[in-house]
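The values are calculated or read from the model by the stated rules, or taken from the named source; none is laboratory data. What you are looking at is a predicted structure, and each value in this text was computed from that prediction instead of being measured. A quick note on method: Cβ atoms are made from the backbone with ideal geometry, for glycine too, and the neighbour counts reach across all protein chains shown.
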Amino acid sequence: MPATPVDLVTAISEAIREVTSLIREAVSGAEVRRLKYRTEAAMNYVFVDEKSGEYKDIKDDRQRELKVHFRKRVFDEN
């Protein structure tokens, strides 16, 4: 039995729905990765600012450099 135009349209719309769903998931995953990246940078900024954790023995010049570095990551500046 040959496919009718309605069957063809239904198949195409299902394929488009699938692609849309995959794109939505990919974009959502990218957003989650970006938020995790920024959160980690913000946490490191606090540790550098307080000179705690792995940053407890850093010198003032290095502290200033790292604060700028992590600030750029938090606000996604280049």
Find all pairs meeting these conditions: Cβ atoms under 7 angstrom apart; at least six residues apart or on different chains; first residue within the range 44-55 and touching a residue at least 12 places away in the same chain (Cβ under 8 Å) and surrounded by fewer than 16 Cβ atoms within 10 Å (Cβ to Cβ); second residue outside any helix (DSSP H, G or I) and not charged (D, E, K, R). LYS51/ILE58
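For (1) under 23 Å from the mean Cα position of the chain (by Cα); (2) charged (D, E, K, R); (3) surrounded by 10 or more Cβ atoms within 10 Å (Cβ to Cβ), each residue gets a yes or a no:
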site	(1), (2), (3)
ASP7	no, yes, yes
ASP60	no, yes, no
GLN63	no, no, yes
LYS72	yes, yes, yes
Inside the range 3-41, can you point out the residues that are of a type in the set (Ser, Thr, Tyr), modelled with pLDDT under 90 and assigned to a helix (DSSP H, G or I)? THR10, SER13, THR20, SER21, SER28
